[in-house]
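The structure appears below as structure tokens.
The values are calculated or read from the model by the stated rules, or taken from the named source; none is laboratory data. Please read these numbers as outputs of a predicted model, since none were measured by experiment. Backbone-built Cβ (ideal geometry, glycine too); neighbour counts: all protein chains shown.
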Amino acid sequence: MTDHRKIPVPPQPDAESGGQSDAASDRAEATGRESLFERAAGRFDFNSIIAKPLPVAPEAPARRFPVKPPEAQRPASAPAPAPEPGPAAAAAPAPVAAPAEPVEPVAAAEPPAVFHGEAHPVDREHLREQGLIVPEGTVTELLEEFRIVKRQLLVQAADLRRQKAGAMAQRILVSSPHPGEGKTYCALNLALSIAAEKESEVLLVDADFAKPSILSALGLPGGPGLMDALMDEELDVADCVLRTDIPGLWVLPAGDTTSHDSEYLSSSRTGRVLDRLTQGAPQRIVIFDSPPALAASPAAELAKYVGQTMVIVRADKTGRGSLDDAISLLGACPNVQLLLNAAQFSPSGRRFGSYYGYRG
Ligand SMILES: Nc1ncnc2c1ncn2[C@@H]1O[C@H](COP(=O)(O)OP(=O)(O)OP(=O)(O)O)[C@@H](O)[C@H]1O
Ligand SMILES: [Mg+2]
């Protein structure tokens, strides 16, 4: 992601800083003098950090859900799909359309998770102020960038579904090593981008229990959320989900925080609660905005339940040592990918500021 503010032309890389040790990199990170990722572009092998064998399909049999016809998935007022990426995106890998997945209807043991309630208005002006995607806004560079990121994630989700990963295929965790690296910013933009898809919908889950910020970012009212549903066996998590006036976008608040968040999250109830979120809704993508992986345990816990993790790497901020540690903590997830956030425009003309890592 490019940094969507006024940006000075970045300084030229210092030739003498090549071959800098990890310790030196971390010192630079601490002093804020160097941009590890921008300086290292071209000689830093992201793939080697996250290389791991192809995920093995879980033993559990694939869950099959009834699929709604496309018209039934979206209110008639849904906006027309935005045009395909323009020149800004052309420099990046070509987006591939997620193949349509035939889903056989079978009798479900439990009723589908239908989210009820009034459509809460999302504060468009506040979205604009925060530099986020505005659903009815013009096609911006930010929109284009997230289209490309989204497409990669949806293709991977379709692959996972084919590999019979079940509900995990529909879940994406957004994390990063430290605070302030752009997890919430990227999770929000990704959710807003997926909501515009014709054949997908998105549930954005605030899993930063200690410092929730999704509701305030969208201008939504508070209410019970994920942690409440984990604590209270009687509470159906589907009843905590907020509908928004953005077609295809739902939000699950973090809920009440406790001093035992981690224990609740690691309990056996978590799997059942998360399964409920996609019950009967194979077209739904669930995005978790998490706290920093190196500062709190929820990200590592949630990594066990998701098919993909997007680790945000903030240019000028995230250090190699921290990134290694975070990826290792998130190791339960079979697909960890990197997103370079807040990269500055390159004077070489390469506009696309994100680097996307893949398994080797
Ligand atoms: N690419 C970007 N362009 C412009 N602003 C950005 C970008 N990425 C992040 N920001 C801004 O940086 C600040 C920190 O981002 P954000 O809150 O998303 O970080 P975070 O990783 O979720 O932090 P925390 O761990 O504390 O929750 C926010 O004000 C956000 O709007
Ligand atoms: Mg955050």
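Quick rundown of the values:
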quantity: Pair list, Cβ under 8 Å, 6 or more apart: the range 265-285 residue touching a residue at least 40 places away in the same chain (Cβ under 8 Å), other residue among the β-branched types (Val, Ile, Thr) and part of a loop (DSSP other than H, G, I, E, B); calculated: 277/241; 280/114; 282/67; 282/103; 283/67; 284/278
quantity: Residue list for the range 176-221, filter: more than 9 Å from ligand 2 (Cβ to nearest atom), small (Gly, Ala, Ser), assigned to a loop (DSSP other than H, G, I, E, B) and out of contact with any helix residue (DSSP H, G or I) (no Cβ under 6 Å at 6 or more places or on another chain); calculated: 196, 210
quantity: Residue satisfying all of: in the range 118-127; within 12 Å of residue 219 (Cα to Cα) and among the charged types (D, E, K, R); surrounded by the fewest Cβ atoms within 10 Å (Cβ to Cβ) among these; calculated: 125
quantity: Checklist (1) in contact (Cβ under 8 Å) with a residue 40 or more places away in the chain; (2) closer than 23 Å to residue 340 by Cα; (3) in contact with a Gly (Cβ under 9 Å, 6 or more places away or on another chain); (4) hydrophobic (A, V, I, L, M, F, W, C) applied to residue 306, failing item; calculated: (3)
quantity: Residue match in the range 153-163 (condition: part of a helix (DSSP H, G or I), closer than 30 Å to residue 321 by Cα and either within 16 Å of ligand 2 (Cβ to nearest atom) or acidic (Asp, Glu) (or both)); calculated: no
quantity: Residues located in the range 164-180, provided they are near ligand 1 (Cβ under 9 Å from one of its atoms) and surrounded by fewer than 24 Cβ atoms within 10 Å (Cβ to Cβ); calculated: 178, 179, 180
quantity: Residue among 357, 353, 248 that alone is buried (at least 21 other Cβ atoms within 10 Å of the Cβ), modelled with pLDDT under 95 and more than 13 Å from ligand 1 (Cβ to nearest atom); calculated: 357
quantity: Criterion: more than 14 Å from ligand 1 (Cβ to nearest atom) and modelled with pLDDT under 95 - qualifying residue of 234, 199; calculated: 199
quantity: Residues located in the range 204-231, provided they are surrounded by 23 or more Cβ atoms within 10 Å (Cβ to Cβ) and in contact with a Ser or Thr (Cβ under 8 Å, 6 or more places away or on another chain); calculated: 206, 207, 208, 209, 214, 218, 227, 230
quantity: Residue 215, sole failed condition from (1) out of contact with any Gly (no Cβ under 9 Å at 6 or more places or on another chain); (2) at pLDDT 95 or above; calculated: (1)
quantity: Boolean, residue 128 is at pLDDT 95 or above and within 16 Å of ligand 1 (Cβ to nearest atom); calculated: yes
